[in-house]
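Asks: Please find one structure pasted underneath; my questions will follow.
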Amino acid sequence: MSDRSLKNAGLNFETVGSIMAIIIGAVALFVAWDQAQVMRQQQHASVWPIVGYDIGFGNDETSFWIEFSLKNEGVGPALMKSADLLVDGKPVADWSDLRSSVFPESLGNVEKVYGGSVSDILGAGQSDTPLKIFWDANEENSIGMRTLVEQYLADDGPTIEIAICYCSVFDRCWSNSDATGGMPQRTTACRVQQKDFAETLFTNFRGATE
C-alpha cells in the first residue's frame with residue numbers, strides 16, 4: 001500500500017472516530033436530559049396535591065348545621081391561593097347574597113358561625129372546615145333544613161360549589177374553577193385573593209349581628 005493510501009486511510013479512521021465521538025456524546029447528552037426529565041417528573045409527582053371540597057349537613061339535639069370543607073387527598077402540601085363559594089356558577093358576594101340564594105325562607109335566623117378563613121397550607125391528607133353555619137334545632141328550622149338537604153341531594157335547588165386554586169411547593173398550580181366536578185385542572189397561575197369566601201362571609205356575618 002502506498003504512503004498516500006495509508007495517509008488517506010488514517011484520515012478516514014480519524015473522521016469516522018470523530019463522528020462516532022460526536023454521536024456518542026449526543027446520545028449521552030440525550031440520556032442525561034431524559035433522566036433529568038424523569039427525575040423532575042418524579043419530584044413533582046412526589047409532592048402532588050389534590051384538593052377537593054365537600055358540603056355537609058348535620059344535626060344534634062340542639063343544632064342544625066351546614067359545613068363547607070376542603071381536603072387534600074394528594075401526597076404533598078397544597079398552598080391555597082383562592083377559594084370562592086359559587087351558587088349557580090356565580091360567586092357569593094356577602095351574607096345577604098348567601099341567605100337569599102341558598103337558604104329556604106322556612107329556615108330561620110342563623111344562631112352562630114364558626115370559621116374564619118381557608119388555611120394557607122393544607123398538608124397531604126389534611127382537612128379544613130373554614131366555614132360552619134348553625135341554626136337552633138326547632139320545628140321551623142327542621143322543615144327548612146330538610147328542604148335544603150333534599151334540594152341539594154336531588155339537584156333540585158341552587159347549585160352550590162367551591163371553586164379553589166392552589167399550588168404545589170414547586171409552584172405548579174391547579175384549579176377547579178370551571179366547576180366540572182372532576183379532577184382539578186392544571187393552570188398557569190392562581191389569581192391573588194385578599195379574602196377567601198369563608199373570611200368574607202364570617203366577617204360579614206359578625207358585622208351584621210353586632
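The values are calculated or read from the model by the stated rules, or taken from the named source; none is laboratory data. On a predicted model such as this, the values are computed, not experimentally measured, just so you know. Positions of Cβ are generated from backbone atoms using ideal geometry, with glycine treated the same way; all protein chains shown enter the neighbour counts. Accessible surface is based on the protein model in full, side chains and every heavy atom, while ligands, DNA and RNA are left aside. Shrake-Rupley method; radii C 1.70, N 1.55, O 1.52, S 1.80 Å.
Asks: Just one of (1) at pLDDT below 90; (2) open to solvent by less than 30 Å² (accessible area, probe 1.4 Å) trips up Asp156, so point out which.
Replies: The failed condition is (2).
Asks: Let me ask something else. Can you work out which of the residues in segment 133-148 that are touching a strand residue (DSSP E or B) at 6+ places or on another chain (Cβ under 7 Å) and surrounded by 17 or more Cβ atoms within 10 Å (Cβ to Cβ) is nearest to Cys190 (Cα to Cα)?
Replies: This residue is Ile133.
Asks: Within segment 95-123, how many residues turn out to be open to solvent by less than 50 Å² (accessible area, probe 1.4 Å) and either in a loop (DSSP other than H, G, I, E, B) or under 30 Å from Val47 (Cα atoms) (or both)?
Replies: The number of residues fulfilling the criteria is 13.
Asks: Could you grab me the full set of residues in segment 54-80 that are closer than 13 Å to Leu122 by Cβ and either of a type outside the set (Ser, Thr, Tyr) or crowded, with 17+ Cβ neighbours inside 10 Å (or both)? It would help to see each step written out before you state the result.
Replies: Let us first name the residues in segment 54-80 that are closer than 13 Å to Leu122 by Cβ, namely 69-80.
Hits for segment 54-80 are Leu70, Lys71, Asn72, Glu73, Gly74, Val75, Gly76, Pro77, Ala78, Leu79, Met80.
Asks: Could you identify the single residue in Gln42, Gln126 that is surrounded by 13 or more Cβ atoms within 10 Å (Cβ to Cβ) and either under 26 Å from Val192 (Cβ atoms) or at pLDDT below 90 (or both)? Break it down stepwise before answering.
Replies: Values: Gln42 fails: surrounded by 13 or more Cβ atoms within 10 Å (Cβ to Cβ).
Every option except Gln126 fails the conditions.
Asks: Would you be able to say whether some residue in segment 81-90 is surrounded by 15 or more Cβ atoms within 10 Å (Cβ to Cβ) and either more than 17 Å from the chain's Cα centre (by Cα) or closer than 19 Å to Asn59 by Cα (or both)?
Replies: Checked segment 81-90: at least one residue is surrounded by 15 or more Cβ atoms within 10 Å (Cβ to Cβ) and either more than 17 Å from the chain's Cα centre (by Cα) or closer than 19 Å to Asn59 by Cα (or both).
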